[in-house]
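Worksheet: the structure to be examined is printed underneath.
No lab work stands behind these numbers, since they all come straight from the coordinates. Everything numeric in this text was worked out from a predicted model, so none of it was measured. We place every Cβ from the backbone using ideal geometry, glycine too, and count neighbours over all the protein chains shown.
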């Protein structure tokens, strides 16, 4: 039997995705476990967690040894427990007898520093700088008139800010609980003080604000979801357009964005050269996963966010090694069964590869 463990910060919460995965384990001869990295005992290498029982379709509390295969679905905050969990996961990744389905990606700045050196990908990357201080931020604002500040480790659109020049004033906007909050500063001194205070909380990156507003003045982007198949080959599982609120900043579903199928969006935008756009997308999808694995670590799944600007230029906005599945649920629900099985299929592939390596 293959032993696969799912890592999550909240194993006691209801997880429909994990439950659906678990229902399919019998078919793949897999024992499935669920636990938090904080429940791992490094001294004994034992875990207090949960094992799925196929006989009654439920999770049973159990003490067990670290499974040989791990699926990391932890989402970390800035708190102490998250830092401790990250240390445990790093330790697990260093063990040669443990295999992760995917080893994740580094922070956004390290990604940018690496990918900007790749000629096949660099033309699709928006100019990015580290927000070293308020002076640096204001210099970039002067250059571009409107910029975006985003956390180096951000996710779900949390703590993303827009800065825009308005004559001698500066308007700063962000989204909190789905609502746009804005503040206007009358002079550079007051905004500098505000920015320096912001920079004490976390590290930010600066990017020019790209024109990704549709005809309704809604920000939109394209999310593409990729996973590896039973032969370890990257396959596209779905793509969809996410539209944020009118005059808003974010396209995250968690921030209230609407989702429409890519085909429906194509029909609604006949003024775009879709043959050109699709060719560009095909090139990105063919090259990017390969480069990420070559430069960093093996991956299992990817969520790629791409802005299609008003001038039809394409920009890779973000890459996520722990993507959600909402775009599939909302636009192609018939694909959900394959998504629930995908980690089990890929785990079986890794186990077969490991077995072949030992026998050879």
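Length available on full extension from residue 78 to residue 183: 0.36 nm per residue minus the Cα-Cα distance, which gives 35.3 nm.
Expected output is a single nm value to one decimal: the length gained when fully extending between residue 86 and residue 114, i.e. 0.36 nm times separation in residues minus the C-alpha distance. What is it?
Numbers: separation 28, 0.36 × 28 = 10.08 nm, distance 2.24 nm.
Length gained between residue 86 and residue 114: 7.8 nm.
How much length would be gained if the chain were fully extended between residue 41 and residue 271, taking 0.36 nm per residue of separation minus their Cα-Cα distance, in nm to one decimal? Show your work: numbers first, answer last.
Details: separation 230, 0.36 × 230 = 82.80 nm, distance 5.87 nm.
Computed gain between residue 41 and residue 271 is 76.9 nm.
Using Cα pairs under 8 angstrom and six or more residues apart, how large is the relative contact order of the chain, in percent? Intermediate results must be reported in sequence, preceding the final value.
Details: 618 pairs, mean separation 56.2, N = 360.
Normalised by residue count, the contact order of the chain is 16 percent.
Placing a pseudo-label 7 Å from each Cα along the Cα-to-Cβ vector at residue 57 and residue 202 gives an inter-label distance of 3.8 nm. Placing a label point 7 Å from the Cα of residue 10 along the Cα-to-Cβ direction, the residues of region 154-180 whose backbone N falls under 17 Å of that point are 155-158, 177-178.
Which whole-number percent gives the relative contact order of region 2-100, counting Cα pairs below 8 Å spaced six or more residues apart? Walk me through the intermediate numbers first.
Details: 162 pairs, mean separation 31.0, N = 99.
Over region 2-100, the number comes to 31 percent.
Taking the longest Cα principal axis of the chain as reference, the axis of helix 336-359 is set at about 60 degrees. The angle between the Cα long axis of helix 188-199 and the longest principal axis of the Cα atoms of the chain comes to about 0 degrees, rounded to the nearest 10.
Arrange 128, 200 by Cβ neighbour counts within 10 Å, fewest through most, would you?
So the ranking, lowest neighbour count to highest, is 200, 128.
With angles folded into 0 to 90 degrees, how steeply does helix 80-94 sit against the dominant principal axis of the chain? Use alpha carbons for both and round to 10. Approximately 60 degrees, to the nearest 10. The relative contact order of region 129-208 comes to 39 percent, based on Cα pairs under 8 Å that sit 6 or more residues apart.
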